[in-house]
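The values are calculated or read from the model by the stated rules, or taken from the named source; none is laboratory data. Note that the coordinates shown come from a computational prediction; the quantities given were computed from them, not determined experimentally. Neighbour counts run over all protein chains shown; Cβ positions are idealised from the backbone, glycine included. The area values use the complete protein model at the heavy-atom level, side chains included, leaving out ligands, DNA and RNA. Shrake-Rupley method; radii C 1.70, N 1.55, O 1.52, S 1.80 Å.
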Amino acid sequence: MMTILTLVAFSFLSAPLVGWAGGRSWPVIAAVPLLLFAGFCLFLPILTAGEVALETYRWIPSLGIDAAFRVDGLSLTFALLICGIGTAVFLYASSYLKGAPRLARFYTVLTLFMASMLGAVLADNLVVLIVFWELTSLTSFLLIGYSPERADTRRSAQQGFLITVAGGLAMLAGVILLGWVGGTFSITAILGQAEVIAAHPTAPAIIILFAAGAFAKSAQAPLHAWLANAMVAPTPVSAYLHSATMVKLGVYLLARLDPVFSAHALWIALLTSFGALTMLTGAVLAMRETDLKRVLAYSTIVSLGTLVMLIGIDGELASVAVVIFLVVHALYKACLFMVAGIIDHETGTRDSSTLGGLRHHMPITAGVAMLGALSMAGLPPFIGFAAKELVYETGLELSGSWILVVIALVANVSMVVVAAIVAIRCFYGDLSSTPKAAHDPGVAMLAGPVVLAALGLLFGAMPWLISDSLIVPAASATAGAPLDYYLTLWHGFTPMLALSVLTLALGVVTYRRWDGLRLRLAAIDNIDRWGPDQAYDRLMSGLQRLAAWQTRLIQTGSMRVYVGRTLLTVAAAGGITLVARGGLELPSFADSLVPEIAIAVILAVAALAIVRARNFVAGIVAAGMVGFAVALLFLFQGAPDLAFTQFSVEALAIVIMLAIVGRMPFREQEYRSKPQRTRDCWIAASIGLVASLLMLSVLAQPFDDRLSVFFRETAVPEAHGRNLVNVILVDFRAIDTLGEIVVLGLAAIAAAAVLAGMRRAKREERQ
């Protein structure tokens, strides 16, 4: 909790800091996430010992909602990635965006984004999780829309926001259902009753709702279009979104809930099918692009599909594969995105079809790109090799799952091709001319990619550095039970090794034929015409047409129509609810009802007179009759003070309204036709009937006299008054009465202003 509060406070301080120190503020800007990274590292010994850190604060005790935060292997892995890669991103941005407009706002939003991500992955309460979940959508919207003056930026930011928030709404419904089924919103408590929840009849609905939220956030097909379009954001944002934040949040949610639903057939079917579809979709779309950021973006979609598919596979090995692939992807993807940004920043273009031979002018960047690409391609001794073998081993462990192995093979081949496009196509071959003179950037832009690329090599050569302290605890949290696994790079001559060799061979062949393949895929217009991106545009256009049609239908411009529809809706909703819920009940009247029946007849005659009135004067007088009849009812029911108040108010109201009508340009005759007056009569009768039935049903219930007793007992000693009505209005409801007086006073002032304006207009007309 203190970590999140620190980041929130720092986010508001970063703007004045950047404004004051300018480009010299980067040491402080980057130091904050670095210190947080170091702080989270202190939890590693605790997790190695098999313990979990839990911190709880009272938040909304009346609803049983606590602000609880949990640090276990899974949440700590995400927290370290968020803070570690966040440090590299902040440092990188200090040079990449040097001199850019709105830089102070950028750092503020980026820090809030980091805080939102940390809050989401550390939350041990579903309500707290959904709050931070939506904050990531909001802050990512601001980050993607960094340049709001551009139309493509506005569209991409809006698209990402609408898709992820729509998924968040579905997830909110899932949270409510899961909290209702489990009797708690605590994630720890929910994990403790996994079998009961998974067997509940509402489990399929919960699974679908949570999957919708996670799929939208993690860009699963067919909701993947927003992620590629988000490349309009600055490269530091792209690197952060794709490696450690935002899109990984959906993966985190699925991994967190996997112990609850891992044995449910629907959970397995949804995650494996959509994950496999996303892998193939991303692989095909990546082969069509030349823009380095979009190529990497579609490869991220492939990786996200792989993670979702692995989560959907039950078993301990799949849990280990999820965690190791998650870490590996974060390292090489952040590195390569920053490399793509360096190429764009230093050469003026990121079109891979026009780049080549950059190693002559950018040798350090070329070396970093090669290290990241080798890990992405899954070659030893990089940690990416271990991740790729685990993916294949997980697929081979399943009986009859050869199709998943084939899909994984296609996905990994595309990874090899994308890695070669970034590292070989751009830096080797003939030197090409670029809009700007190419050269290696400064330390601030290179430090992050160098460290990330080096870690991919270090963890591959010495996997024990993260095996027991990070990978196994995170995999245990994903599996929902302690695991005993030893991460190693070399597994011997196995079928997985044969598949790795086949992957590399097919990747090399595909890369050598990439130019022709890309042109053929790009020529398929139906991919763009009927793809989800165009479907989004058609959906938005359809919503606009629907809104226009609804406006023409509903917004008629007639206040009478608005009031009539509102009253009819209230009457229908109230009446249907009253009957459907069995609340209709009539009281038994022991006393004589002769006075009440007589008053009811007067009320009916007065109401009929209002309907048949031909002008406003007759209508006002008839309405006054209704008010006087109600006053008589108060009088017969033993409330003479209230009755005489009603008499006075009605008399005064009739006089005032008649005075106003005499000065207003109303028509003398009723302008409504007979069918219109008949319709209004039925609407009024409907709302009156429903209101009467509701009141009678209330009167049929046992009377609760606690308030009456309270007012009688406290009126004299506390309010010093014996008239209960006056005491209630003036003392016990003093603020309410004051508010009513203020409203009436404002209405009188407004009416006086209108009348004064009308008199002024008449004088001007005479002049």
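Values computed for the structure shown
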| quantity | calculated |
| --- | --- |
| Cβ crowding within 10 Å averaged over residues, with 679-686, 747-754 ranked highest first | 679-686, 747-754 |
| Principal axes of the range 210-273: Cα extent on each, largest first, Å | 41, 21, 14 |
| Stretch gain in nm, segment D430-S273, where the contour uses 0.36 nm per residue and the Cα spacing is subtracted | 52.2 nm |
| Pairwise FRET efficiency - T556 versus A691, Cβ, R0 = 25 Å, nearest 0.05 | 0.45 |
| Amide H contacts under 5 Å for A68, placed H, 5+ residues apart | Y57, D124, N125 |
| Order of exposure, largest accessible area first, which applies to H345, H361 with probe 1.4 Å | H361, H345 |
| Solvent-accessible area per residue, Å², over the chain with all protein chains present [probe radius 1.4 Å] | 47 |
| Inter-label distance for L266 and W180, nm, one decimal - labels placed 7 Å from Cα along Cα-to-Cβ | 1.4 |
| Label zone at L729, where the point sits 7 Å out along the Cα-to-Cβ direction: the range 639-656 residues whose backbone N lies under 12 Å | 641-650 |
| Under 13 Å, Cβ to Cβ, from A631 - net charge with Lys/Arg +1 and Asp/Glu -1 | -2 |
| Lys, Arg +1 and Asp, Glu -1 on Cβ, resulting dipole of the range 259-375 about Cα centre, debye, nearest 20 | 160 |
| Label point distance in nm, S147-W464, each placed 7 Å from Cα along Cα→Cβ | 5.0 |
| Over the chain - Rg/Rh using Cα atoms and the Kirkwood inverse-distance radius | 1.12 |
| V617, V698, V368, reordered so the largest accessible area comes first (probe 1.4 Å) | V698, V617, V368 |
| Rounded FRET efficiency, nearest 0.05, which uses the C-beta distance separating A547 from V501 and R0 of 60 Å | 0.60 |
| Gain in span if fully extended, T678 to A604, counting 0.36 nm per residue against the direct Cα distance | 25.1 nm |
| Size of charge dipole - the chain - debye, nearest 20, with Cβ of Lys, Arg +1 and Asp, Glu -1, no other charges | 3000 |
| Phi-based couplings in Hz for the range 466-479 (Karplus 6.51, -1.76, 1.60; Gly and Pro marked x) | 10, 5, 6, 7, 9, 5, 5, x, 5, 5, 5, 5, 5, 7 |
| For q = 0.11, 0.13, 0.16 Å⁻¹, Debye-computed log10 I/I(0) when each Cα of the range 515-587 counts as one equal scatterer | -0.62, -0.70, -0.81 |
| Shape category assigned to the range 695-748 from the gyration tensor of Cα positions, a/c cut at 1.5 | oblate |
| Additional length obtainable on full extension of the chain from R722 to D515, 0.36 nm per residue less Cα span | 65.1 nm |
| For the range 424-503, the fraction of alpha-carbon pairs in successive 5 Å shells from zero, as % | 3, 11, 11, 13, 15, 15, 10, 9, 7, 5, 2, 0 |
| Per-residue ³J(HN,Hα) for the range 729-745, Karplus 6.51 cos²θ - 1.76 cosθ + 1.60, θ = phi - 60°, Hz, x for Gly and Pro | 6, 8, 10, 5, 10, 4, 5, 5, 5, 4, x, 5, 5, 4, 4, 5, x |
| Separation in nanometres of the label points that stand 7 Å from Cα toward Cβ, at V698 and A31 | 6.4 |
| Sites T494 and A437, calculated FRET efficiency, Cβ-Cβ separation with R0 56 Å, nearest 0.05 | 0.70 |
| Counted charge near T245, where neighbours are those whose Cβ lies closer than 13 Å (Asp, Glu -1; Lys, Arg +1) | +3 |
| Highest average packing first - 712-719, 503-510, 29-36, Cβ atoms within 10 Å | 29-36, 503-510, 712-719 |
| Lys pairs under 25 Å by Cα in the chain, provided they are eight or more residues apart or on distinct chains | 14 |
| Charge context of L112, other residues only, Cβ under 13 angstrom, K/R +1, D/E -1 | 0 |
